[in-house]
Every structure is written in C-alpha cells, then in structure tokens.
DNA sequence: TCTTGACTCTCCACCCACTGGAGGGTGTAT
DNA sequence: ATACACCCTCCAGTGGGTGGAGAGTCAAGA
C-alpha cells in the first residue's frame, strides 16, 4: 500500500492527476482512510494505470478508456475505435504537413520581402448555393457589367431579392484578354422560371476554396491573381475548377478605390 | 456596413466567433449601435479577418495574433515565432507518426490474438536519481539478491533510508544465463562515503524509457521481456542503454505470486 | 398599424485534461 | 513541542470557442 505521493513517484504520474482519475472513477484508490481521507494505492494497480497511460497515448479520451476498461472491452468495439483513430491520425498528419508547408512558405516570403504581406490567402469551405445567372463569352473583362444589367431586371421582375453579393465565375482554363467565358451570378433564396438568357441553378459546394481579398479598383486584380496563384503552387495545392470573383462591395457608381473583391480558386491537395 | 449575420455569411466565420473576437478586441466591430448593441462590420475589415484566419491556420494562438496585428508586427519577432512554430510542428509530426505506429501495432495485435493484452508498454521520462549501488558479475540471475545483502547493511550503517524501491541495472548487451553483469541499486536522498564495494552515484536521467509491469514470480520474466522487446522493435524504437528492473513489491519473505516488477529499457526513436 | 419570424443582444454554463493555489488537517523526526 | 513534509477538499483558470435561455430589434407582408 502506497500513499499517493509514493505511488506518484513510482509511476511518474502527478498527484493531481491521480486524484483526478480517482474522482472520475477511472482509477480509484484501493483504500481511502475513513477519517483522514488519505488515498492508498497498491502495486497491483500498476498494470491498470499503465493501460490507461498507453491508451491515452494512442489518443483516446479518458471517457473512452473508462468504457474500454470497465466494459469488459469487446475486441470488436476496440478495433472500431482504433481504426477510427487511425484514420483520424492519418488525416491529422496530412493537415500538419500542409500547415508546415504554409509556415515554410511564410518564412521564405519574409526572407525575401522583409515583411509579411497584408493580403492573406485562406482555405475555406464554400457551401452550395442557388444562383440566378447568365453565362456568355464577352469581349473583355470589363464587359462583365453588362451581364448584371441583364440579371438585375430579371430579379426585379420576379420580385426576388439577392441573398448575397454578386459573383462571377470564369471558365477559361488559360488566361485570355479577349473572348472571356464568364458566368455572372447572384445568389437567391429560391429558384424562379428562366427568362431570356437567365436561369437559376445550383452552384456546387467547394470543399477547399483558396480565397483572398482584393482592395481597390479592378485594375490591380492581376497582382492579386498572381500572388494567389503563387500561394497555391507553393503550398502544395492544384487548381481544380473555375475561379470566382465575389463583388463584396463594388457599387457601380461609387469610388473604385473603395471596392472590395474576393478572389476564389477551388483547389485540391497535390 | 454589414450586420453580424451577413458578415458571417460573407466570411464563413460563425457569428459566435465574431462576437468572441470582438470581445477579445482581436477584431472589433467597426460600429456598435448605442441603443440596440447591434454590431456592424465593413467590407474593409475582410483583410484583417483573413489575416487572423491565416495566422490561426499556421497554429498561432489568438493572443499571438493580436500581438502581431496590433504591435506593428516587427518582422524579426514574427520570424522567431514562425521558426518556433516550425520546429514545434516537425516535432508534432514525429510524435504523430509514433502514435500512428502504435495504433497500427495494436490493430495487428488484436487481429492476431483476438484481444488486447493486459500488460501495456508505456514510454516515460525517468529523472536522474542518486543511488547507493554495487556492481558485479554474478553467476546467475537469482544471485542478484546477494548484492542487496551487501547494500542493506551499508545503508543501515550510515543511517540512510531508501528513497524508493530497489532496482537492478543489467549491462550485458546480449542475453546470458551465467556471469551476468549487474548493478544492484537503491535510491537515496544524499550520498554517503563509499564502504566496501558500495558507492553512491548519480544515475543519469532517461528521456524515453519503455516500461512495462510484470506481475508474479521472476520465472515469468522472460515472457515479459520478449513482449517488451517485440513492442520496441515493432514501434520503431531502438534500445539505447542498459535495461533496469525495478522491484516495486518483492519482499524476500512473501509469496512470489504477489511480486510486482517494472521492466525498463532506455530507447530512442529509429 | 399590427403581426410574424428572422435576427440580434447579453449572460451563463460547458467542453477537455488537467494545473495552481488557498486554507486546513495529518504524520513523523528531531 | 515544533518543524516540515505530506495529504485533504474546494475553487478558479487554461483555449477557443459552442449551446442555450431570455429578452429586445428589424423588416416584410397583411
């Protein structure tokens, strides 16, 4: 019979932790003095404690461990838990690697530029959404505005209000100055009958969207694009679909230097 | 100006999180209605939010991010942080890999044996300690008791009480039935002058000690040894020093079936 | 103008696996 | 008798949010 401190020295498990496990019922002291409350442990409890530590080390939670140890541990269930944990760990390793890539990219960037750029790239999940849209091949980028001139009356006509900022989707697989294949879209709550060239359709969700914010007039977009592409390449991603521009704040009449545009590329890990 | 819900939809950051960041001062709403308390955000805040998300994604804490964003971000300090993070991530990946190895070993073991053995192996850190010890080459394993017969009188003579259970350290690099090179040791608080063959010395700390508990008489130890060696090999470790046996509960007069022995091997990752 | 329903506010509790500390009792050696 | 190490319980805090209660606000349709 050991007092808690001795047992702690024996196992290298902190006293506080032993008390905590006692409280949880995960590993009760073998005896508790009725008068002083002192806990006493026996050497025979070492295997159980070692099991706890080993399972914890695999990444299981204390609740799971308690279940396994006290539930007579059906090997079926244990195998299931471990397989799940295995998949989880593999996933985590992938994420960790991606994170490491990003950190290394940052370091290189700082070394080259002496500071961190203020325009960040983030990977996010974009859910599916219903949009009203027109797709066309237009002469130049700046003609995309015309498509919205088609789109807006359509919405007004059907008394549908936008459910978010307008966006454009670019289908060209290579960069082109002229004859740009673009879809102008506006998110809506519910679909309406097609009218003219306008149709409502479902935009698919994108699991991994590399996104960055562009501030100011559209003329500066090329710089933002090249930074974004550089990021994607350097961080071990690959473009996996048509890119989007979300016109967060681009009122036609207002000062272009106050424009806010989000540039998005669907990507996948190489 | 967007209400919090709109801004949330725009950024895919939950409302609760935006409020939390506001509270932390990490990203304040650009305006708060004096009467209703409603928060309002502007599109111009998107870059800052993106920076927050990107830095969070690198694994920095919100406190660190706040410091960077508001402290004018000296690139020196940022580089330091990132280098630290890089090392941390690399370390984590190694640990993750070790964990994954262990999980896979478990799965194989379950598949082979249909259940999980009840004797676990754990890796732990063992601190340095001062011991009184005798080292000798003895005819067979069972003669190790004699060395304690030398050790105990020495302790009694100097009025030193043990600071932990006795242990033995085996220096043979290969298994031998006879002529075993062993050091019998007992932890003590402070050193005392050498007497006869007994000396006090400092046992070095061991960063990674693979340890398991053996229950019952010493005759069964070979089985425990072979399981432990199997574990070490299968989990990508290598023995890096002499192994120890800690006699947690092995009173000479008592029933050997109640003995509790800890078997330890210093290891390092391959 | 009223109602409805979506939206927003604050405040509190909870998650995990501990950790630290206050305040007080216990055990043992000198 | 007195140190001093050790033990107890209880409470609060960690990080980065999440969930819910209860109450107030806004905008569109009737």
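The values are calculated or read from the model by the stated rules, or taken from the named source; none is laboratory data. Since the model is a prediction, treat every value here as computed from it, not as a measurement. A quick note on method: Cβ atoms are made from the backbone with ideal geometry, for glycine too, and the neighbour counts reach across all protein chains shown.
Counting the residues of region A:197-229 that are outside any strand (DSSP E or B), within 14 Å of chain B (Cβ to nearest Cβ) and in contact (Cβ under 8 Å) with a residue 24 or more places away in the chain gives 5. Of all residues in region A:67-96, exactly one satisfies the criterion of being touching a helix residue (DSSP H, G or I) at 6+ places or on another chain (Cβ under 7 Å) and in contact (Cβ under 8 Å) with a residue 40 or more places away in the chain, namely A:69. Criterion first (assigned to a helix (DSSP H, G or I) and under 23 Å from residue B:53 (Cβ atoms)) does residue A:90 satisfy it? Against the criterion (assigned to a helix (DSSP H, G or I) and under 23 Å from residue B:53 (Cβ atoms)), residue A:90 does not qualify. Restricting attention to region B:2-32, the residues being within 14 Å of another protein chain (Cβ to nearest Cβ) and surrounded by 12 or more Cβ atoms within 10 Å (Cβ to Cβ) number 13.
Out of A:182, A:134, A:122, A:103, one residue alone is more than 22 Å from residue A:196 (Cβ to Cβ), touching a helix residue (DSSP H, G or I) at 6+ places or on another chain (Cβ under 8 Å) and in a strand (DSSP E or B). It is A:122. Residues in region B:137-158 that are part of a strand (DSSP E or B) and either loosely packed, with under 14 Cβ neighbours inside 10 Å or at pLDDT below 80 (or both): B:137 only.
Of all residue pairs spaced 6 or more apart or on separate chains, those with beta-carbon atoms under 6 Å, a first member in region B:97-119 that is more than 9 Å from every other protein chain (Cβ to nearest Cβ) and within 18 Å of residue B:224 (Cα to Cα) and a second member that is modelled with pLDDT of 85 or more and not in a helix (DSSP H, G or I) are B:105/B:235. Looking only at residues in region B:251-270 that are more than 17 Å from residue B:171 (Cβ to Cβ) and either touching a residue at least 60 places away in the same chain (Cβ under 8 Å) or touching a helix residue (DSSP H, G or I) at 6+ places or on another chain (Cβ under 6 Å) (or both), the one that is surrounded by the most Cβ atoms within 10 Å (Cβ to Cβ) is B:260. Restricting attention to region B:38-79, the residues being within 13 Å of chain A (Cβ to nearest Cβ), closer than 24 Å to residue A:261 by Cβ and either within 14 Å of DNA strand D (Cβ to nearest atom) or within 38 Å of the chain's Cα centre (by Cα) (or both) number 10. Scanning region B:68-87 for residues that are more than 14 Å from residue A:107 (Cβ to Cβ) and surrounded by 15 or more Cβ atoms within 10 Å (Cβ to Cβ) turns up B:68, B:69, B:73.
In the condition set (1) under 21 Å from residue A:264 (Cβ atoms); (2) away from DNA strand D (no atom under 12 Å from the Cβ), residue B:28 is compliant with all but (1).
Pick from region A:1-19 the residues that are more than 9 Å from DNA strand D (Cβ to nearest atom) and part of a helix (DSSP H, G or I): which of them is farthest from the chain's Cα centre (by Cα)? Filtering first and then ranking leaves A:10. Within region A:54-65, the set of residues being more than 9 Å from DNA strand C (Cβ to nearest atom) and part of a helix (DSSP H, G or I) comprises A:54, A:55, A:57.
Can you tell me how many residues within region B:173-185 are surrounded by fewer than 17 Cβ atoms within 10 Å (Cβ to Cβ) and either in contact (Cβ under 8 Å) with a residue 12 or more places away in the chain or farther than 17 Å from residue B:221 by Cα (or both)? Going through region B:173-185 one residue at a time, the tally reaches 5. Summed over region B:16-50, residues that are out of contact with any strand residue (DSSP E or B) (no Cβ under 9 Å at 6 or more places or on another chain) and near DNA strand C (Cβ under 10 Å from one of its atoms) total 5.
Taking the conditions (1) within 16 Å of DNA strand D (Cβ to nearest atom); (2) surrounded by 13 or more Cβ atoms within 10 Å (Cβ to Cβ) in turn, residue A:35 satisfies each one other than (2).
For residue A:129, the stated conditions hold: it is surrounded by 15 or more Cβ atoms within 10 Å (Cβ to Cβ), more than 17 Å from the chain's Cα centre (by Cα), at pLDDT 80 or above and within 14 Å of chain B (Cβ to nearest Cβ).
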